[in-house]
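Every number here is computed from the coordinates shown, using simple stated rules; none is lab data. Nothing here was measured: the structure is a model prediction, and the numbers come from that model. Backbone-built Cβ (ideal geometry, glycine too); neighbour counts: all protein chains shown.
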Amino acid sequence: MRRVTPLLAACALSAAAGAATLGLLEAAVRVLAPQNLQPPSVSRYGILYAKPSYTTTRHRSPRFDVEYRTNRHGFRGGDYDFPKPAGVKRVLLLGDSFTWGWGVADGKTYGDLLEARLGSGGRGVQVVNLGLVGMGLSIQEYLYRRLGTLFTPDAVVVAFISNDLDYDFFQRKEDSQTSAQDVVERVEAGRSLVRRVPAYAWLCQHSHLFALLRLRVSALVLDAGREHLDAAHKVKGDVERRARQQKEGVKTFDALIDHVCGRGASVVVLDIDDYLSRFTEVAAHLRARAQAAPRCLRLARVETDGQDVFGPEDPHWNESGHAKAAAAAARELGSLLR
């Protein structure tokens, strides 16, 4: 018994020292580099979702502090299911954190505002928001095929941001050079390590140190995924990478537009602050398609300024930016949904 007591004391002392160290690190991060406290996530098909029906989720940063609740599918917005009710028009939103509604409370995202605009006057319009944080264009197209089609949308809106072509891990199946599943498995393996940490959900909502860890791990696995794609395509340097992005962007947009329009629906691409101009081949291709088949494809510009975002350090839309995006989308959808 005498031998056990010093051992227990040593273990207790070590645990106390470890807890004190973590506490000091937590305090340092809170003061020196406060983080975005994002909701906990789950993974399906290699894609990260917010937890479905996660009550009183809090999202905090130095620039905002909001609460919201996800629907049964793990997204924001109305809790709609399939099939679509008779007499109802549906609009499906695809996009990244801008579409998700980063830092904006329920009822203020561009999806919520768009539904209010389109549904005014007693018209039955439902807006289904499939926006996900950090998802590139090809993953958005994959999500549309995997889940979006089940909502039988009458129109699909894609909010295009320049980095939507930076981390595209799902390539077209006919591209034999790319092992998409291998990339997804690599990304998921890295992210799953974070989700296995004890008290994961609580830490997501309360710890700045843990938020920093999540951010760093995510950046590492995303960079590793891009490097794997570059190797598969034998890409060397930024010029060749941009050329590949242009090629894949055209193919992915075509796949999405062909599938949507083949079902009798329409596509609206929101060009956010003229980001499409950075991808000249993609922009020219979309303009040509829109001119040839305006009922199938529409392009709409969304012009924002410094008053419409949280700030230079966080370019996500605030409520003003979401209102501008909703207005731009509504102008195009008004005639398409008649």
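Given a Förster distance of 30 Å, report the FRET efficiency between Ser335 and Arg58 from their Cβ-Cβ distance, rounded to the nearest 0.05. Here the calculated transfer efficiency is 0.15.
Between the range 112-164 and the range 242-268, the alpha-carbon centres lie 15 Å apart.
Once you have a ≥ b ≥ c as the square roots of the Cα gyration tensor eigenvalues for the range 74-118, tell me rounded if a/c is under 1.5, and otherwise prolate or oblate according to whether a/b is larger than b/c. Prolate is the answer for the range 74-118, as a/c is 1.5 or above and a/b outweighs b/c.
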